[in-house]
1. Give Lys15/Lys37; Lys207/Lys424; Lys8/Lys207; Lys8/Lys369 a once-over and call out the pairs whose C-alpha atoms are over 26 Å from each other.
2. Fewest Cβ neighbours within 10 Å first, please rank Asp98, Asp122 accordingly.
3. Identify, among Ile402, Thr365, Leu389, the residue whose Cα sits farthest towards the positive end of the charge dipole of region 352-407, taking +1 on the Cβ of Lys and Arg and -1 on the Cβ of Asp and Glu, with the dipole about the Cα centre.
4. Treat every Asp and Glu Cβ in the chain as -1 and every Lys and Arg Cβ as +1, leave all other atoms uncharged, and give the resulting dipole magnitude about the Cα centre to the nearest 20 debye.
5. Counting Lys and Arg as +1 and Asp and Glu as -1, what is the net charge of the other residues whose Cβ lies under 12 Å from the Cβ of Lys422?
6. Mind putting a number on the dipole of region 156-240 about its Cα centre? Charges go on the C-beta only, +1 for Lys and Arg and -1 for Asp and Glu, and I need it in Debye to the nearest 20.
7. Taking the Cα of Ser363, stepping 7 Å toward and past its beta carbon, and measuring to each backbone N in region 415-445: which are under 19 Å?
8. Could you tell me how many degrees, from 0 to 90 and to the nearest 10, lie between the Cα long axis of helix 168-178 and the main elongation axis, the longest principal axis, of the Cα atoms of the chain?
Amino acid sequence: MAVETELKLHISPDKLQRLKRHPLLRAISIERARTLKLYSIYYDTADLALRQHAMALRLRRVGKQWIQTLKGGGQSSAGLHQRNEWETPVPAEQLDLDALKDCGGKLPHGVRNHLQPVFVTDFTRNVRLLDFEGAQIELCLDSGVIRAGQGMCPISELELELKSGAPQQLFRLALKLLDIVPLEVEHTSKAEYGYRLFSPSRPQVSKASFAVLNPSQDISSALQALIGSSLSHIQSNVAGALLKLDEEYLHQVRVGLRRLRVVLSVTKRVQPDDELDALYRQVSELCIALGRTRDWDVFVTQTLAPICARLPEHEGLRALLNSCERIRNKQHAGMESSLASQDFQRLLLRFGAWMHEDRQDESRTSLEKFASKILEKRSTQVLAAGDALAIENPAQLHVLRIACKKLRYSLEMFGSLLPQHKYKSYLNKLAVLQDILGTMNDIVVAHRLLDELENAARHDTLALVRGWMEHDYAEHITLFNKNWAGFMAQTKCW
């Protein structure tokens, strides 16, 4: 068994040709480039049992030789794919499962007699071996198609496979290539694209989920895992946000960035580092920019739209809603530009390079004690903000809301280390409290947005909206008081 370590990047076909001819590749090439025609047949059962086990089985023709490969297991982090691979030559276009077994490849039980072709990949690969900063890296430039039934999907991607050296050097090389041509970190394998063609289904929003931690882990590796899961959550939703498949995609990108910022704020104290500080600042800037977009989203969809639905004949409300929709669309255009930019791709690659640096964890504190210390600090901040709270003071409510959010994200970060029943009960009460505070903050923000919209012609309409919101705010004060008392009465779960 071999472990394949590679970084996949999408590249447009015209830029692929430009990159092939660039002097940098000639300067660091160890040998002349080779061009291969690769034709692969992927196999699975009718109910896609291999896919369900995160495995891929293929026959690939390289020249006149057929090679059988099973891939499975491994992990993906910050765009780096590491998978176990069992590969063996076969004499013809036919699976040889005995040969697969002999080289250590093991299929799920009951699959062997039910395998069938599900899709094919047919592409040209330009291959060259590079010497980059002492690492040997195979660069593959792939151009072709994936076919399943009548469906077809183009292939235009770049793969950097580590032959020797450290994974960090794949990201460092990718950053050099990004200076030459636009690239996008590819989150999805050719096999997964093939499966989507074979079995089309509506894309699913990826919900937030932190990595499961083990008490025996050191603090550094645990934080790396939490950063990696946050990045994966963000990356898996960006395409849906840019394609406007559903507003939930953008919401999840925002959630992912906020969670990432909280993890980074903890990591910065444990592993002080100039590059990490720079990454934290850039993530914070994105959070602020996307937060502005969210403000208009909430105002339009959760404040104005319901009022307009209750008063459909009110011309002033309809005109106000149309004006706000235009502002909202402008905000979205700016957000889409940021997420589609090469600066965003550079941020992802810099994260990958930083995460795969070789660093030692010198802390003697156990992960569980470290988690308890963080949670105790976050809890103290919540209690202090609650003690100082004057319910009619929006600034103090904002401080409490932020403290609750940080406690919630920290709980979710370390939740896998805690007694699950107590953890879920505590988290549920905190989530309800945070949601109430969030709605109250949205109303405060809405008042600020109304101030921006103020003019003489709209005065009466804006006054109507303000009155509606003040009634809603009063109801949420009552809800807050009730739930705050319940939250304070519970015991800690750490």
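1. Lys8/Lys369
2. Asp98, Asp122
3. Toward the positive end, the furthest listed residue is Leu389.
4. Dipole about the Cα centre, nearest 20: 540 debye.
5. Within the 12 Å Cβ shell, the charges total +3.
6. I would put it at about 180 debye.
7. It comes to 415-419, nothing else.
8. 80 degrees
Values in this text are rule-based calculations from the coordinates and carry no lab data. Keep in mind that this is a model prediction, so the values were computed, not measured. Virtual Cβ from ideal backbone geometry, glycine too; neighbours counted across all protein chains shown.
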